[in-house]
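In what follows, a single structure is set out as structure tokens and then discussed.
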Amino acid sequence: ASRSGACLLELVDGSRWGAAIALTPRLLVTCAHLVVQADKPTEIYRVRPAQPSSADLGLSDPAWAWRRATLLWANRRTQPPVFDVAFVLLEPDEPDLPSVAYRLATDGKELLGQSVIAVGFPFQGLSQPGPPMLSRGRIVHEFGGRLPGDQCPIVALQTSCPVFNGFSGGPVTLEDGHSVAMTAALPDQNCHSVSLSVPIGLLQAAADRFAETQDPEFAFSSLSLPRSVHSVWIWHAANRLLERHNPTARAKL
């Protein structure tokens, strides 16, 4: 789990939680719907690395201690955001996190059919923090630019990993532990057999821009819904709703 950069993220009062990925030792990416609250735009969060297992390291080990973090940037263009991405930053006096080892796919096709594992924390509200839950599946499709005039890389990976509340913001990893994507929000909570995730390459590129400029708007604004990104995620949401009511129906992209 440490290679994947997986972290548990929650409000300090424990009222809301999900997963996050440490792209660098101090910068994490998660889902915007976990952190965007109009009445509390600067909420304080706490994060801790995902433990490989509760038997390996005790909860008192400082490597797995909570760190405080604040919201740096989130996609606020829609409610909920269609491209569901936000970044949080550790506070200056907090120790570093183990960051992600990732695999960047230029066109996504070499990943198709590969076995993957989604990492999440669906039971965090019921118990003390411990090892994450792992959900296995395969990469079944990749989505890129689909509209005339768009020069867009892969903007979504579709997997067969069953995911539930608490998986949002968590990594999707290969069997060797390298992360390839981040699990995004489910448009329809009644359909768990297929999920979309944001490719790690898009997120890492944004993190690299922030490291160079320290300007959140410049670094992350490219994630604010280019037309082809919007098209793919709206299409997926529409299909989720159609499948709930008519399993044979499919929306057109």
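Counting other Cβ atoms within 10 Å as a rough exposure proxy, the listed residues Phe87, Phe123, Phe220, Phe167 run Phe123, Phe220, Phe87, Phe167 from fewest neighbours to most.
Ranked by the mean number of other Cβ atoms within 10 Å of their residues, highest first, the peptides 177-183, 205-211 fall in the order 177-183, 205-211.
Inter-label distance, Val12 to Val140: 4.3 nm, where each label sits 7 Å from its Cα along the C-beta direction.
Read the figures in this text as sums done on the coordinates, not as results from a lab. This is a predicted model, so every value here is computed, not measured. Please note: Cβ atoms are built from the backbone with ideal geometry, for glycine as well, and neighbour counts cover all protein chains shown.
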